[in-house]
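Please read the structure below before turning to the comments.
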Amino acid sequence: MPPFLREISQHKYKLIILVLLLAASAISATLAKARMVYSNTNDYAFLLWNLVLAWIPLVFASAAYTVSWTRKFLFLIIPICALVWLVFFPNAPYLLTDFQHLSQNKGNAPLWFDVILLIWFAWTGLLLGVFSLYLMQEIVARAFGPLISWIFAITVTALSSIGIYLGRFLRWNSWDILGNPLPIVHDIYEWLRYPFSNLRTWGFTTLFTLFFLFIYLTFYTFGHVIQEQKI
C-alpha cells in the first residue's frame, strides 16, 4: 500500500468526522438561510458568522496535527497553530450560548423552527470544539505524556469558558486578545481582585467548564469503547 493511502487508512475515522462536520455546517447554514427568507429578516444571520469563527480552531488544530506526524518544521509551525487555535477555540462552544436569543423571538418564524435551528448550530459548534481539542490533546500526549495532556485539556476548557464569558457578556472578540489585550487583562484582574462582586462570572465559567468537560469526557470514552470492541 502506498504511504499516502496508509496514512488515509490510519486516520479514516477522523476524515469521516470532518465530512460529517462539513455536512452539519451545510445543513445549519441552509436552515439559517431558509429562516431569513421565510421571515424576510436577518434575525439569525449572525449565526453564520459565528459558525465560520467556530471552524477556525479546527482548521488550525488539523494543521498542527498533520504537521506533528510529518515532523517537518515541528517547532515552528505547531506553536503558531496552537496559539491561533487557543485564541479562537472559545468560538466553537460559544454557539451553545446562542440559545438565549430564543427569548427575543418576535414571531417572524415558528418557535419550534428556531429551536431546531439553534440546536443544529449549537451541536455543530460543540462537535467542532470537541474534535479540535481532541486533536490538540493527541499532540500533547505524544510529546509529553497522557497526564500532561489531560492537564492541558482541562486548562484549555477553563480558559475557553472565560473566553465565552468575555464574548457573550462583555462583547470582546477573539482578535481583541491579539490587538487590544490590556482591557481584557484588566477585566480578568478585576474578577480575581473582587471575586464576591463577580459571582455571576465565576458561576458561569465554572458551570460551563464542568459541562464542556463532561461532554468531552463522554465522547472520549465512547471512542475508547469502540477501540476495545476491535481488540
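Bear in mind these aren't lab numbers, they're just calculated from the coordinates by the rules spelled out. From a predicted model like this one, the values you see are computed outputs, not experimental measurements. Here the Cβ is made from the backbone with ideal geometry for all residues, glycine too, and neighbour counts use every protein chain on show.
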Separation of the W150 and L207 label points, Cα + 7 Å toward Cβ, nm: 2.7
Apply the Karplus parameterisation 6.51 cos²θ - 1.76 cosθ + 1.60, with θ equal to phi minus 60°, to every residue of region 202-208 and state each ³J(HN,Hα) to the nearest whole Hz, in sequence, with x for glycine and proline. 5, x, 5, 5, 5, 5, 5
If you count, for each residue, the other Cβ atoms within 10 Å and average over each peptide, how do 16-26, 53-63 line up from highest to lowest? 53-63, 16-26
May I ask you to evaluate 6.51 cos²θ - 1.76 cosθ + 1.60, the Karplus curve with θ = phi - 60°, for each residue of region 185-194 and list the ³J(HN,Hα) values in order in whole Hz, giving x for glycine and proline? 4, 5, 4, 5, 4, 5, 4, 6, 6, 10
Taking θ = phi - 60°, what integer Hz values does the Karplus form 6.51 cos²θ - 1.76 cosθ + 1.60 yield along region 112-129, in sequence order, with x for Gly and Pro? 4, 5, 5, 4, 5, 4, 5, 4, 4, 5, 5, 4, 5, x, 4, 5, 4, x
Could you list, bin by bin from short to long, the percent of Cα-Cα pairs of the chain in 5 Å steps? 1, 6, 12, 16, 18, 16, 13, 9, 5, 3, 1, 0, 0
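Out of the chymotrypsin sites (Phe, Trp or Tyr not before Pro) in region 63-137, which ones are loop residues according to DSSP with at most 14 other C-beta atoms within 10 Å?
Here the chymotrypsin sites (Phe, Trp or Tyr not before Pro) that fit, given the DSSP loop and packing criteria, are F73.
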Dimensions (Å) - region 64-161, Cα atoms, principal axes, largest first: 54, 24, 17
Over the chain: helical MRE at 222 nm, DSSP H runs n ≥ 4 each giving -39500 (n - 2.57), nearest 500: -28000 deg cm²/dmol
